[in-house]
Ligand SMILES: [Zn+2]
Ligand SMILES: [Zn+2]
Ligand SMILES: [Zn+2]
């Protein structure tokens with residue numbers, strides 16, 4: 001302990017309400033208000049607005065690399081108080097009781113930390129995303145199967161107990177017990193405990209949401225400001241001019257560039273600068289200086305100047321009030337605390353899920369708000385929310401379904417933000433798609449009821465239309481950056497998850513949702529049919545090879561999606577017929593084929609046949625023929641349902657139909673060229 005201990009003591013003497021610093025006073029106050037039915041988030045904030053800056057504000061004197069707080073006191077005043085309030089008794093005892101009352105868990109759901117080992121059984125897992133944690137793996141039969149060990153990028157969770165993730169043996173020895181002793185779902189908490197927990201969760205979430213998603217500049221939010229006339233102001237008036245210069249991570253400036261900038265502007269050692277930059281990279285932001293406002297502003301200006309040389313855009317720097325920094329530190333810790341609490345009981349998780357989805361007009365629900373604002377948050381803040389949603393909403397099927405619904409509704413917005421952001425996919429809330437879209441029953445539900453295929457494909461197509469040329473074909477130019485388009489291709493992975501398992505039974509809604517998506521897939525394929533045409537060059541050497549990589553990569557990413565679509569089409573006659581007709585329609589509409597052209601009669605031996613005239617050696621040819629291939633893929637299934645090329649089902653007067661010669665023409669051209 002150093003001199004700060006002395007100041008703390010003084011402060012406490014000026015705080016009659018909390019003088020002994022046992023949180024019991026504030027807890028009693030909350031309890032009384034709760035009983036009177038008047039307790040609200042404001043009451044929690046009244047407590048936090050005094051104590052959070054007092055306990056968690058960075059000290060202006062200390063280096064930003066070794067902040068330390070009075071952790072015992074933080075625990076007591078800021079966390080124990082909440083637990084005591086929820087429990088109305090000894091938290092340890094009550095929480096233990098609550099978790100004993102709970103249904104023994106039949107799913108694991110352990111959220112992986114960065115680098116934690118994961119195990120995928122190659123024999124029993126539905127796909128490569130189905131994994132077990134070490135504990136479950138060691139207690140499962142899969143340890144005797146062919147398995148693959150991996151390491152997590154953080155953000156995933158153990159699938160033990162998820163019957164949809166495994167072909168057989170979905171439970172380890174521990175989680176199987178949960179399936180045997182299952183009683184009625186629903187809250188088993190005493191009503192008053194549940195109500196206190198609900199109020200606390202709601203206040204904690206709204207507060208964390210406010211602090212982590214709002215940009216306050218150097219200001220303090222009104223409801224967390226302590227009015228000057230308030231005597232309690234004394235608590236931290238000794239450093240009311242206390243600010244932090246905060247640096248944000250971007251993928252644009254190199255480590256070296258930022259390190260040099262810091263050495264020069266902070267006048268710190270190379271070693272310290274490296275530590276700052278490492279922190280910024282890991283957490284997504286870091287305070288590099290605590291001082292008075294004008295000093296912090298000067299520093300900000302200097303860092304911006306250094307990093308914007310050579311016409312670069314400057315790195316993001318902000319001057320943040322140390323009071324807000326303190327509240328943000330607390331907000332993040334609250335999310336971790338809440339995650340711990342949710343581990344105690346299914347009832348807590350159900351409460352959490354209800355609170356998170358609750359819309360308090362004009363505000364969005366917490367889930368919606370975070371989904372939309374994700375890309376504005378720094379890395380660590382994002383990951384805190386993602387982990388909380390995984391542990392709170394993805395364990396129970398109904399909560400998972402509700403989350404999946406909201407996620408799907410916001411999918412377009414989430415991915416548009418992700419595409420324009422520069423963080424890796426694993427830091428985007430969009431990466432949670434793997435948690436929900438890989439569950440077959442959920443995927444089928446979302447296709448039937450939420451039009452998820454259409455949402456995903458139209459989001460992807462919106463990115464494609466920027467790349468269309470006059471002929472409505474995709475065209476990638478060598479000198480234009482394709483980073484956005486590359487990022488958009490993550491959507492294709494999500495489509496794969498959704499289509500992973502074809503349905504056993506088709507409902508009218510499922511058919512409708514599937515066909516809606518399929519029509520958009522065919523639009524996409526029509527943009528690719530005939531793209532990157534090449535004409536044989538004679539007489540001069542090609543100076544530049546045309547850009548072919550992007551188109552090729554798109555094909556590679558799309559191929560599994562196409563295969564799955566075809567597989568689905570092959571399981572239902574109605575779908576197959578409609579898909580076949582729709583594909584034919586797209587092929588007829590393709591302008592690269594001159595439908596008016598009559599065949600020229602050619603004779604070989606005793607045969608004479610009408611041929612379409614095309615000179616591959618002088619006219620353009622493309623190797624990209626996904627529509628032709630798709631039709632061929634459908635054709636294979638026709639036989640199964642007693643259909644053939646001339647079946648009345650497949651011919652309708654309304655649509656044109658290509659002759660076999662016309663169908664085969666583009667394919668022949670490519671064959672001849674090769
Ligand atoms: Zn597990
Ligand atoms: Zn398990
Ligand atoms: Zn296995």
With a Förster radius of 35 Å, plug the Cβ-Cβ distance of residue 169 and residue 632 into 1/(1 + (r/R0)^6) and report the FRET value to the nearest 0.05.
0.35
Inter-site label distance for residue 308 and residue 271 at 7 Å from Cα along Cβ, in nm
3.5
Quick one: if the Förster radius is 51 Å, what FRET efficiency do residue 148 and residue 59 give, using the C-beta to C-beta distance and rounding to 0.05?
0.55
Between 0 and 90°, nearest 10: helix 549-569 axis offset from the chain longest Cα axis
80
Please give the direction-averaged projected area of the C-alpha convex hull for the chain, in square nanometres with one decimal.
39.4
Ranked from fewest to most other Cβ atoms within 10 Å of their own Cβ, 566, 222 fall in the order 222, 566
Quick one: Cα centre-to-centre distance for segment 389-457 and segment 330-350, in angstrom?
22
Shape metrics for segment 114-180, restricted to C-alpha atoms - Rg then Dmax, Å
10.9, 33
Taking 0.36 nm per residue of sequence separation and subtracting the Cα-Cα distance, how much length would be gained by fully extending the chain between residue 80 and residue 671, in nm to one decimal?
205.4 nm
Among 366, 177, 329, 372, which comes first, second and so on when ranked by fewest other beta-carbon atoms within 10 Å?
177, 372, 329, 366
Gain upon complete extension [residue 69, residue 505; 0.36 nm per residue less C-alpha separation]
151.0 nm
For residue 401 and residue 615, compute 0.36 nm times the residue count separating them, minus their Cα-Cα distance, and round to one decimal in nm.
71.4 nm
So what is the relative contact order of segment 114-180, in percent, for Cα pairs below 8 Å that sit 6 or more residues apart?
39
Would you mind getting me the FRET efficiency between residue 214 and residue 607? Use the beta-carbon distance for r and R0 = 51 Å, nearest 0.05.
0.05
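Taken together, the values in this text are just the output of simple stated rules run on the coordinates, not laboratory data. Here the structure is a predicted model, which means the values were calculated and not measured. Cβ: placed from backbone, ideal geometry, glycine included. Neighbour counts: every protein chain shown.
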